[in-house]
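I have placed the structure first, in the form of C-alpha cells, so that the comments after it can refer back to it.
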Amino acid sequence: MFDTSPQVLARLKQLRSRKLEVVVFHILDPWELSFPFEDMTEFEDIEASEQRLLVDPRGIRDAYLEEFRTFVDGVRRDCFEADVDCLTLTTDTPPDKVLLELLRGRR
C-alpha cells in the first residue's frame, strides 16, 4: 500500500463486491514510524525516480512524521471505505504472530 490510487481502491472494491474476504497487510519498516535518524543522511527514492537527497533529518523529522501519519491514516480510511480489513504491522513482527491474530479475529 505504497499508493492508494483510485485504481487500487477500485480493485479492492471489486473483490469485495464478489463477496471475497480481503485483507490488506500494510507492512512498514519501524524506522518509517520513528524516523530515528540524527546525522546528515542520504535518502534514496527506490520506488520511482531513484533520486538521492542528502538531508539533515532533525530539520525534517516533525514534518515527515506528520505527513507519514497522514498517509497511514489515509490508507486505513480508504480500506475502511472499501470495506476491506487493513492490518498495519512492521517488518520486525513475526509473520506467524500476525496470522494467528488475524485468525483469532475471524472466529
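Details
- Nearest-20 debye value, the chain charge dipole, Cβ charges on Lys, Arg, Asp, Glu: 1020 debye
- In summary, no helical segment of the chain meets the span-like criteria, namely a full DSSP H run, a Cα extent along the axis of 20 angstrom or more and a mean Kyte-Doolittle hydropathy of at least 1.6.
- Expressed as a whole percent, the accessible area of the chain that falls on carbon and sulfur atoms is 53 (1.4 Å probe).
- Taking amide H atoms as placed 1.01 Å from N in the peptide plane, the amide H of Cys86 lies under 5 Å from those of Val24, each 5 or more residues away in sequence or on another chain.
- Extreme residue, positive dipole direction of segment 10-89, given options Ser17, Pro30, Thr88 (C-beta unit charges): Ser17
- Normalised by 2.2 N^0.38 Å, where N is the number of residues, the alpha-carbon radius of gyration of the chain equals 1.27.
- Probe 1.4 Å, all protein chains present, accessible-area order of Thr88, Thr41, Thr70, largest first: Thr70, Thr88, Thr41
- Label point distance in nm, Leu53-Leu65, each placed 7 Å from Cα along Cα→Cβ: 1.8 nm
- The loop-placed GluC sites (Glu not before Pro) in segment 1-100, going by DSSP, that have at most 12 neighbouring Cβ atoms within 10 Å of their Cβ come out as Glu21, Glu38, Glu47, Glu50.
- Accessible area of the chain divided out per residue, in Å², using a probe of 1.4 angstrom: 76 Å²
The values are calculated or read from the model by the stated rules, or taken from the named source; none is laboratory data. Only a predicted model underlies this, so the values are computations on that prediction, with no experimental measurement involved. In this analysis, Cβ positions are derived from the backbone assuming ideal geometry, glycine residues included, and neighbour counts consider all displayed protein chains. When the accessible area is computed, the model is the full protein with side chains, heavy atoms only, and any ligands, DNA or RNA have been set aside. Shrake-Rupley method; radii C 1.70, N 1.55, O 1.52, S 1.80 Å.
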